[in-house]
Amino acid sequence: MSAPGLLLLDLDGVLRRFGPDAPVEDAHGLPRGLLDEVARSVVGPALVGAETDARWREAVVGALVARGVDGEVAASAVTAWSGVGEVVPEALELVRAVRGRCRVALLANATDRVGADLAALGLDREVDAVVTSARVGVAKPDPEAFRRALRVLQHSASGTLFCDDSAVNVAGARSAGLDAAHTPDAAALRDALLSRGLLEGGTGADERERAGGPVLVVLHDRDEAEEVAAGLLADGWSPCLVHKELLAGEDDAEDADWVVEVESGPDGRAATVHRPFLDALAERHEGFTTD
């Protein structure tokens, strides 16, 4: 099988990531999870280009106010929450390695602000093209989103590899005739590119898989540990058990950390294969990982 001529990547969760909402919510006295819940409930029109990103964020403020949040608090929270995120450096390294072999484009469920975000992050120079749901008028996982994106890119489905951290979006791409890989982290992305002939050489992931064993994500706050465990479990990680662990040499339960035990990733491979992703996840919550 010949290597694909187009690598089509999701943006958020693959090449860009955001920190947890909890610090913003805590600082503004909001229940955890409220920002994401409200934002998703009103984002539909902006995702398909029916309204602007600015109007969507105004709608988020309005929805918070309708839930009883003070108007100034709501506006401040949405402003603090509206950052551009950060680049996933391991994924960017892979993109740079692949660009010499094929075209690289983004297909993102995104509003009309994404161009400014990419420029702020320097990612506009790292890919050959960007297609958004706002531009084509349909969002992933609808197979029509992929068909319209390929028409914009003037490329065939059979010659395209699509990578996304969402298994649902991957299924949508396959329904449209694309080769698609579920890539919840940079290790999985690397494996997908290697297996399609877009990269050369072995992978450290193989050695980590042979090592086997669970990875423990150690956090200092019980609520954060439970939130992380629930998110991982929803994304297909297993078993995501949360338990208390006293620090070495300490007898006081106040000094306990909270551990999320992870044995396998969404692809069924050992959690050790995905250690870089789990390391970054723990770091975003001011924690660490251990075996």
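The values are calculated or read from the model by the stated rules, or taken from the named source; none is laboratory data. Being a predicted model, the structure only gives us computed values, none of them experimental. Cβ coordinates were reconstructed from backbone atoms using ideal geometry, including for glycine residues, and neighbour counts include every protein chain displayed. In case anyone asks, the SASA skips ligands and DNA or RNA and just uses the protein heavy atoms, side chains included. Shrake-Rupley method; radii C 1.70, N 1.55, O 1.52, S 1.80 Å.
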Flag for ARG210 being modelled with pLDDT of 95 or more, open to solvent by 60 Å² or more (accessible area, probe 1.4 Å) and assigned to a helix (DSSP H, G or I): no
Can you tell me which residue in the range 213-230 is least open to solvent (accessible area, probe 1.4 Å), limited to those that are more than 15 Å from LEU241 (Cβ to Cβ) and in a helix (DSSP H, G or I)? GLU224
Out of the residues in the range 76-92 that are open to solvent by 40 Å² or more (accessible area, probe 1.4 Å) and farther than 30 Å from LEU193 by Cα, state the one that is farthest from the chain's Cα centre (by Cα). SER76
Within the range 178-186, is even one residue modelled with pLDDT of 90 or more, over 17 Å from the mean Cα position of the chain (by Cα) and open to solvent by 50 Å² or more (accessible area, probe 1.4 Å)? yes
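Confirm whether VAL218 is modelled with pLDDT of 95 or more and either in contact with a His (Cβ under 7 Å, 6 or more places away or on another chain) or of a type outside the set (S, T, N, Q) (or both). Lay out the reasoning, then the answer.
Values: modelled with pLDDT of 95 or more: no; either in contact with a His (Cβ under 7 Å, 6 or more places away or on another chain) or of a type outside the set (S, T, N, Q) (or both): yes.
For VAL218, the condition - modelled with pLDDT of 95 or more and either in contact with a His (Cβ under 7 Å, 6 or more places away or on another chain) or of a type outside the set (S, T, N, Q) (or both) - is not met.
When residues of the range 137-166 are filtered for being part of a helix (DSSP H, G or I), surrounded by fewer than 22 Cβ atoms within 10 Å (Cβ to Cβ) and free of Cβ contacts under 8 Å to residues at least 60 places away in the same chain, how many remain? Give the derivation first.
Here is the first cut: in the range 137-166, the ones part of a helix (DSSP H, G or I) are 143-153.
Remaining after also requiring surrounded by fewer than 22 Cβ atoms within 10 Å (Cβ to Cβ): 143-144, 147-148, 151-153.
Now narrow it down to the ones that are free of Cβ contacts under 8 Å to residues at least 60 places away in the same chain: 143-144, 147-148, 151-152.
Residues meeting the conditions: 6.
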Being touching a residue at least 12 places away in the same chain (Cβ under 8 Å) and of a type in the set (Lys, Arg) is the filter; apply it to the range 108-136 and report the residue that is least open to solvent (accessible area, probe 1.4 Å). ARG113
In the range 1-54, anything among the β-branched types (Val, Ile, Thr), buried (at least 21 other Cβ atoms within 10 Å of the Cβ) and within 29 Å of SER156 (Cα to Cα) is listed as VAL14
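Going through the range 49-68 one residue at a time, which ones are of a type in the set (Lys, Arg) and assigned to a helix (DSSP H, G or I)? Explain how you work it out, then say what you get.
We begin by selecting, within the range 49-68, every residue of a type in the set (Lys, Arg); these are 55, 57, 67.
Passing the criteria: ARG55, ARG57.
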Those residues of the range 91-115 which are at pLDDT 95 or above, of a type outside the set (A, V, I, L, M, F, W, C) and farther than 26 Å from GLY44 by Cβ, in sequence order: GLU93, ARG96, ARG103
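Does GLY100 meet the test of being open to solvent by 50 Å² or more (accessible area, probe 1.4 Å), under 20 Å from LEU194 (Cα atoms), without any contact (Cβ under 8 Å) to a residue 24 or more places away in the chain and part of a loop (DSSP other than H, G, I, E, B)?
Details: open to solvent by 50 Å² or more (accessible area, probe 1.4 Å): yes; under 20 Å from LEU194 (Cα atoms): yes; without any contact (Cβ under 8 Å) to a residue 24 or more places away in the chain: yes; part of a loop (DSSP other than H, G, I, E, B): yes.
So GLY100 passes the test.
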Those residues of the range 85-123 which are acidic (Asp, Glu) and in contact with a Phe, Trp or Tyr (Cβ under 9 Å, 6 or more places away or on another chain), in sequence order: GLU86, GLU90
